[in-house]
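Asker: I'd like to ask some things about the structure below.
The values are calculated or read from the model by the stated rules, or taken from the named source; none is laboratory data. Nothing here was measured: the structure is a model prediction, and the numbers come from that model. Here the Cβ positions follow ideal geometry from the backbone for every residue, glycine too, while neighbour counts run over all protein chains shown. The accessibility values were calculated without ligands, DNA or RNA, using every heavy atom of the protein model including side chains. Shrake-Rupley method; radii C 1.70, N 1.55, O 1.52, S 1.80 Å.
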Amino acid sequence: MRARYGVPLGIMAAGAAGLVYAAGFEARSFRLRRVTVPVLPPGMRPLRVLQVSDIHMVGGQRKKQRWLQSLAGLRPDFVINTGDNLSDPEGVPEVMDALGPLMEFPGAYVFGSNDYYGPRLRNPARYLFEKASGRHGLNGNAPAVGVIHNPWEDLRDGFDAAGWLNLTNTRGVLKVEGVSIELTGLDDPHIKRDRYARVAGGPSGTYDFSMGVVHAPYLRVLDSFAADDYPLILAGHTHGGQLCVPFYGALVTNCDLDTDRVKGLSTHTAEGRTSYLHVSAGCGTNRYTPVRFACPPEATLLTLVGRE
């Protein structure tokens, strides 16, 4: 019996242990990523930008709430929220409570698909199928039916009341201690709500610094931002791959971005122009797949410094 069943039982035990680790520890092992990005005009003082993304708040996630509240101690110059705050139609009050201390700082936001629609139970293998077929979200797939509508209007109203800029297919300007930052944002490309034509044309040239903001880093959007000569693009959505292979990395990105750039700082080039791209791995998960492996939840403090 030992020879016949020992290996399968061992594999099952290892799998169970991995699942306990992924759900019980790593999914709640919050980290802060720190990166320095040389994108500002020479001589301009550094700017500290806190990016939070993919919170996917579910009722009762007290540790996540406390951790997000604690990020206010970083004293960033401004905050960028790159969407997917909800994974529970009842989660708006807890999102507002978690982000309350951060809303004391200047900020801006875009929404992701999970701000608009509640998640559905789905086979994780579908992400591999979508990668192989090149079809993600509503980009090439049939429209979603029977979905839960999240109260995104309440989320919008709360952020707006705090003074954060709504960057839904529009531009906005933040003033930070005498420095003006022009922000160009898009609604979520994952569900085809992006309208780049409304904001096309690149930085206006009348502000100290300009950057692009979007939830899902689809290549069509990155191409547009880079071709328009934005020095920096911030995005989320990918969860860093969420379930990664140690010493290998992510298997999927849930969009058409390559897995080499699934999280962290990289670059993107289009029409001979290159932008820095930062993709946040986010700090939450879909409520139906509350696990992470080799990909801890995170927020990022980006220090923007002068170009060499």
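Asker: With every protein chain in place, what's the accessible area of residue 221 (1.4 Å probe, Å², nearest 10)?
Answerer: 0
Asker: Just to check I understand the Karplus step: with θ = phi - 60° and J = 6.51 cos²θ - 1.76 cosθ + 1.60, what whole-Hz values come out for the range 28-35, glycine and proline as x?
Answerer: For the range 28-35, the Karplus-derived couplings read 10, 9, 6, 10, 10, 8, 10, 9 Hz, x marking Gly and Pro.
Asker: Next up: Just reorder 103, 211 by solvent-accessible area, largest first, 1.4 Å probe, all chains present.
Answerer: Heavy-atom accessible area, descending, gives 103, 211.
Asker: Write down, largest first, the equivalent ellipsoid semi-axes of the chain in whole Å, where each equals the square root of 5 times an eigenvalue of the alpha-carbon gyration tensor.
Answerer: On the way: eigenvalues 213, 90, 79 Å².
Output for the chain: semi-axes of 33, 21, 20 Å.
Asker: Report, in degrees rounded to the nearest 10, the 0 to 90 angle that the Cα long axis of helix 152-161 makes with the longest principal axis of the chain.
Answerer: The helix 152-161 is inclined about 40 degrees to the chain.
Asker: Looking at the chain, send over the antiparallel percent of its DSSP beta bridges, to the nearest 5. Kindly include the intermediate steps, with their values, before the conclusion.
Answerer: Details: 22 of 53 bridges.
Antiparallel bridges: around 40 percent, rounded to the nearest 5.
Asker: Note down the net charge around residue 250, summing +1 for each Lys or Arg and -1 for each Asp or Glu among other residues with Cβ under 11 Å from its Cβ.
Answerer: On the way: positive: 131, 261, 263; negative: 258, 260.
So the surrounding residues net to +1.
Asker: Quick one: putting +1 on the C-beta of Lys and Arg, -1 on the C-beta of Asp and Glu, what dipole do you get for the chain around its Cα centre, in Debye to the nearest 20?
Answerer: On the way: 32 positive and 30 negative charges, 233 e Å.
Its charge dipole is roughly 1120 debye.
Asker: Would you mind computing, in nm to one decimal, how far apart the modelled labels at residue 154 and residue 26 are, each placed 7 Å from Cα along Cα→Cβ?
Answerer: So the two model labels end up 3.3 nm from each other.
Asker: May I pose another question? Give me the accessible area of residue 263, 1.4 Å probe, in Å² rounded to the nearest 10.
Answerer: Its heavy atoms expose roughly 70 Å² to the probe.
Asker: Okay, next question. Tabulate in residue order the Karplus-calculated ³J(HN,Hα) for the range 108-113, using 6.51 cos²θ - 1.76 cosθ + 1.60 with θ = phi - 60°, rounded to whole Hz; enter x for Gly and Pro.
Answerer: 8, 8, 10, 9, x, 4
Asker: From largest accessible area down, sort 293, 111; use a 1.4 Å probe on the protein chains. Kindly include the intermediate steps, with their values, before the conclusion.
Answerer: Working: 293 65, 111 5 Å².
Accessible-area ranking of 293, 111, largest first: 293, 111.
Asker: Only Cα pairs under 8 Å and at least 6 apart count here; give the relative contact order of the chain as a rounded whole percent.
Answerer: Numbers: 720 pairs, mean separation 82.5, N = 308.
Computed over the chain, the figure is 27 percent.
Asker: Which length gain, in nm to one decimal place, applies between residue 271 and residue 305 when the Cα-Cα distance is subtracted from 0.36 nm times their residue separation? All intermediate terms of the calculation are to be shown ahead of the outcome.
Answerer: Details: separation 34, 0.36 × 34 = 12.24 nm, distance 2.49 nm.
Full extension from residue 271 to residue 305 adds 9.7 nm.
Asker: Give me, ordered by chain and number, the residues 5 or more places off residue 57 or on other chains with an amide H under 5 Å from its own placed amide H.
Answerer: Counting only residues 5 or more places away or on other chains, the set is 86, 87.
Asker: Sort 67, 152, 164 by accessible area with a 1.4 Å probe, largest first. Can you show the working numbers first?
Answerer: Details: 67 40, 152 70, 164 10 Å².
Ranked from most to least accessible, the order is 152, 67, 164.
Asker: Where is the GNM fluctuation largest for the chain (alpha-carbon springs, 10 angstrom cutoff): 168, 289, 259?
Answerer: Checking each option, the largest mean-square fluctuation is seen for 289.
Asker: For the range 248-254, in order, what is each residue's ³J(HN,Hα) by Karplus, 6.51 cos²θ - 1.76 cosθ + 1.60 with θ = phi - 60°, in whole Hz (x at glycine and Pro)?
Answerer: Result, ordered by residue: 10, x, 6, 9, 9, 10, 6 Hz.
Asker: Let me ask something else about it. Of the listed pairs 131/192; 63/263; 64/175; 64/131, which have alpha-carbon separations greater than 27 Å here?
Answerer: Pairs exceeding 27 Å: 64/175; 64/131.
Asker: Something else about it: At 0.36 nm per residue, and after removing the present C-alpha to C-alpha distance, how many nm does the segment from residue 36 to residue 145 gain when stretched out fully?
Answerer: Details: separation 109, 0.36 × 109 = 39.24 nm, distance 4.24 nm.
Between residue 36 and residue 145, full extension yields 35.0 nm more.
Asker: Out of all DSSP beta bridges in the range 146-211, what portion is antiparallel? Express it as a percent rounded to 5. Walk me through the intermediate numbers first.
Answerer: Details: 7 of 10 bridges.
In the range 146-211, approximately 70 percent of DSSP beta bridges are antiparallel ones.
Asker: Select from the range 77-173 those trypsin sites (Lys or Arg not before Pro) which occupy a DSSP coil region and have at most 12 other Cβ atoms within 10 Å, ordered by residue number.
Answerer: Working: sites: 120, 122, 126, 131, 135, 156, 171; in loops: 120, 122, 135.
Sites meeting the loop and neighbour criteria: 120, 122.
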